[in-house]
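Student: I'd like to ask you about the structure that follows.
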């Protein structure tokens, strides 16, 4: 079992968001392709995604599996048929060098948001470009919410399966009892 203290992680107070615990991940094209392709192909029906910015939260749930997941000229494209999105995760040759660098993913992290008692209340993956602008947040299944995103009467800890899988696969960490410590929203 890997010790929680052996990995680089940080708890920060983010303005307008609160306390967040983060675990940095690599931001290179190969790593991101191997992370995002299966995340969207295999777990599209469990995740909510989009940019979460001050004043705007795009919490998108796909109605169907992606019809295509491709990587071309540094851009990952997730195509759901009627709509799609692009993320610059690699070297892009269609712009001036500085512009190409700025648009590329620079920071990737698994995170969990914490309540005032430092109990996790939200779990996800965040990506930022070289300007520090958020590219995307993937909200993972939340045991404190129902699949329809309503507050759950009691936590459903089975909804942490994807979080536990990502922690094990990318951080070599076993499930953390701290993830199962929150009594739920409005119950602390």
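Student: Give the range 95-117 a look and list any residue that's out of contact with any strand residue (DSSP E or B) (no Cβ under 7 Å at 6 or more places or on another chain) and closer than 19 Å to residue 182 by Cα, or say none.
Tutor: 116, 117
Student: Another question about this same structure. Output the number of residues of the range 31-64 satisfying the condition of being surrounded by 14 or more Cβ atoms within 10 Å (Cβ to Cβ) and in a loop (DSSP other than H, G, I, E, B).
Tutor: Count: 6.
For every residue, the table says whether it meets (1) modelled with pLDDT under 95; (2) more than 17 Å from residue 49 (Cβ to Cβ); (3) touching a helix residue (DSSP H, G or I) at 6+ places or on another chain (Cβ under 6 Å); (4) part of a loop (DSSP other than H, G, I, E, B).
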{"residue": "98", "(1), (2), (3), (4)": "yes, yes, no, no"}
{"residue": "106", "(1), (2), (3), (4)": "no, yes, no, no"}
{"residue": "148", "(1), (2), (3), (4)": "yes, no, no, yes"}
{"residue": "158", "(1), (2), (3), (4)": "no, yes, no, no"}
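Student: So residue 70 passes all but one of these: (1) surrounded by fewer than 16 Cβ atoms within 10 Å (Cβ to Cβ); (2) under 30 Å from residue 97 (Cβ atoms); (3) in contact (Cβ under 8 Å) with a residue 12 or more places away in the chain. Which condition number does it fail?
Tutor: Looking at each condition in turn, residue 70 falls short on (3).
Student: Something else about it: So, in the range 116-132, exactly how many residues are in contact with a helix residue (DSSP H, G or I) (Cβ under 9 Å, 6 or more places away or on another chain) and either touching a residue at least 24 places away in the same chain (Cβ under 8 Å) or part of a loop (DSSP other than H, G, I, E, B) (or both)?
Tutor: Qualifying residue count for the region: 9.
Student: Here is a check on your reading of the model: is residue 141 assigned to a loop (DSSP other than H, G, I, E, B) and either under 21 Å from residue 59 (Cβ atoms) or in contact with a strand residue (DSSP E or B) (Cβ under 7 Å, 6 or more places away or on another chain) (or both)?
Tutor: Against the criterion (assigned to a loop (DSSP other than H, G, I, E, B) and either under 21 Å from residue 59 (Cβ atoms) or in contact with a strand residue (DSSP E or B) (Cβ under 7 Å, 6 or more places away or on another chain) (or both)), residue 141 qualifies.
Student: If I filter the range 160-181 down to residues being within 20 Å of the chain's Cα centre (by Cα) and assigned to a loop (DSSP other than H, G, I, E, B), which single residue comes out as surrounded by the most Cβ atoms within 10 Å (Cβ to Cβ)?
Tutor: Here the answer is 173.
The values are calculated or read from the model by the stated rules, or taken from the named source; none is laboratory data. This is a predicted model, so every value here is computed, not measured. Positions of Cβ are backbone-derived with ideal geometry, glycine not excepted, and every protein chain shown enters the neighbour counts.
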